[in-house]
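Okay, structure first, notes after.
The values are calculated or read from the model by the stated rules, or taken from the named source; none is laboratory data. Note that the structure is predicted; figures quoted are calculated from it, not measured. Neighbour counts run over all protein chains shown; Cβ positions are idealised from the backbone, glycine included. Just so you know, the surface numbers come from the protein's heavy atoms only, side chains and all, with ligands and any DNA or RNA stripped out. Shrake-Rupley method; radii C 1.70, N 1.55, O 1.52, S 1.80 Å.
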Amino acid sequence: MEHPENDPQYQGLAVNKGVQQPPVVNPYLKRRRKPMPSAAEMVEGILAGDITMLSRAVTLVESLVPEHQTIAQEVIEKCLPYSGNSRRIGITGVPGAGKSTSIDVFGLHVLKRGGRLAVLAIDPSSERSKGSILGDKTRMEKLSVHPDAFIRPSPSAGSLGGVARKTRETIILCEAAGFDNIFVETVGVGQSETAVHSMVDFFLLIQLAGTGDELQGIKRGIMEMADGIVINKADGDNIDRARLAQAQFRNALMLFPPTASGWKPEVLTYSGYFELGISEVWDMIDRYFDFVIANGYFERRRQEQARYWMFETIDEQLRHNFYRDKEIEKLLPKLENDVLTNRLSSFIAARKALDAYFNKIS
Ligand code: GDP
């Protein structure tokens, strides 16, 4: 209908007829989306070292969609025989310790010898792991543009076990794609260290001088896991303090029980930012690998880890299936209420829930 204000007699402002607007989104765009490759195509791409295919497979590993998981598991299974041939190094330290600066420098140092490097991360805390903090490209400026480096942020938030399992599966895919150096980064403040420790060969703890270890929020347990402690920012007028911290850490380590590997964890100082002492840190890591390969611990630890992950995965899956069960979802609040009102003991309530679940599935 013509707008009354467009009448020639009309003295006020005219309203123009509109023109049809083109669609905002290019209608042809979706045609360009590549179809999902089959598991066999992914495996072929990964084994050929194709990073795009590797990324797509890792995305499936991280996906919660059951069909994606099915393909991911098939890809992992086929890649498994080609995995294992790498040095897996865990790197931890509190925020600000200099992990990203150091990983950038360590990474380049490693790549100078040739080979490929994957930097993965485990961070189950929700905000950080939204895909941008740990493993973020801008944090590792040099590595992120290196053709032989693959940087992947932490899988998005979930249970620690779930996030860690995905990272472990990603390690398998990276190794099959020819990555012979794997760094797994974690923030040294919580539980994730145990998970990282159970998937790496060497665990490096980055510390800072000038604060006691309580102040740095590093738990004793984490220090006990470390195969090497490195004190960062040993530069400028911080050098003396870094040396002092080195002596203190060495003393502290002497009180710890001997390690299962027989290796005596070393304490070194370095500066990631000014690139001082980097090759010394790496020489230590080389010495460690020589030592544990020679005494058989390397192989033993990997076997123990494989067993650990088998049971972890069973635990995780059982828990997941149990809590997702519709009947259990309905039953649990009632049982919880009975426990809170003292009508049932915790153990009897738990038994009832488990019986309900297992009777149903058997
Ligand atoms: P992250 O949180 O552990 O990843 O730590 P970053 O690598 O982001 O470093 C935190 C801050 O410390 C940044 O401002 C860095 O520039 C600085 N930094 C890192 N390494 C060194 C170092 O070796 N010497 C000095 N002086 N500063 C450093």
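Summary table below
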quantity	calculated
Contacts under 9 angstrom Cβ, first residue in the range 35-57 being among the basic types (Lys, Arg), partner open to solvent by less than 30 Å² (accessible area, probe 1.4 Å) and not in a helix (DSSP H, G or I), 6 or more apart	Arg56/Pro37
In the range 112-133, the residues that are surrounded by 14 or more Cβ atoms within 10 Å (Cβ to Cβ), part of a loop (DSSP other than H, G, I, E, B) and at pLDDT 75 or above	Gly115, Arg116, Asp123
Residues located in the range 95-111, provided they are in contact with a strand residue (DSSP E or B) (Cβ under 7 Å, 6 or more places away or on another chain) and either not aliphatic (A, V, I, L, M) or not in a helix (DSSP H, G or I) (or both)	Pro95, Ala97, Gly98, Lys99, Ser102, Gly107
Residue within the range 83-93 that is more than 11 Å from the ligand (Cβ to nearest atom), surrounded by fewer than 19 Cβ atoms within 10 Å (Cβ to Cβ), part of a helix (DSSP H, G or I) and among the hydroxyl-bearing types (Ser, Thr, Tyr) present	no
Any hit, the range 221-239, residues being at pLDDT below 90, within 16 Å of the ligand (Cβ to nearest atom) and buried (at least 16 other Cβ atoms within 10 Å of the Cβ)	yes
Tally, over the range 55-75, of residues that are touching a Leu at 6+ places or on another chain (Cβ under 6 Å) and farther than 19 Å from Ala164 by Cβ	1
Condition broken by Leu340, with the remaining ones in (1) loosely packed, with under 14 Cβ neighbours inside 10 Å; (2) among the aliphatic types (A, V, I, L, M); (3) within 16 Å of the ligand (Cβ to nearest atom) satisfied	(3)
Within the range 268-282, considering residues that are open to solvent by 50 Å² or more (accessible area, probe 1.4 Å) and outside any helix (DSSP H, G or I), the one nearest to the ligand (Cβ to nearest atom)	Tyr273
Matching entry among Phe298, Phe256 (being surrounded by 15 or more Cβ atoms within 10 Å (Cβ to Cβ), more than 16 Å from the ligand (Cβ to nearest atom) and of a type in the set (Phe, Trp, Tyr))	Phe298
Test for Arg319: is it outside any helix (DSSP H, G or I) and open to solvent by 100 Å² or more (accessible area, probe 1.4 Å)	no
Hey, Ile285 closer than 30 Å to Lys166 by Cβ, open to solvent by 30 Å² or more (accessible area, probe 1.4 Å) and among the β-branched types (Val, Ile, Thr) or not	no
Subset of the range 95-111 (residues that are open to solvent by less than 20 Å² (accessible area, probe 1.4 Å), within 18 Å of Arg152 (Cβ to Cβ) and near the ligand (Cβ under 6 Å from one of its atoms))	Lys99
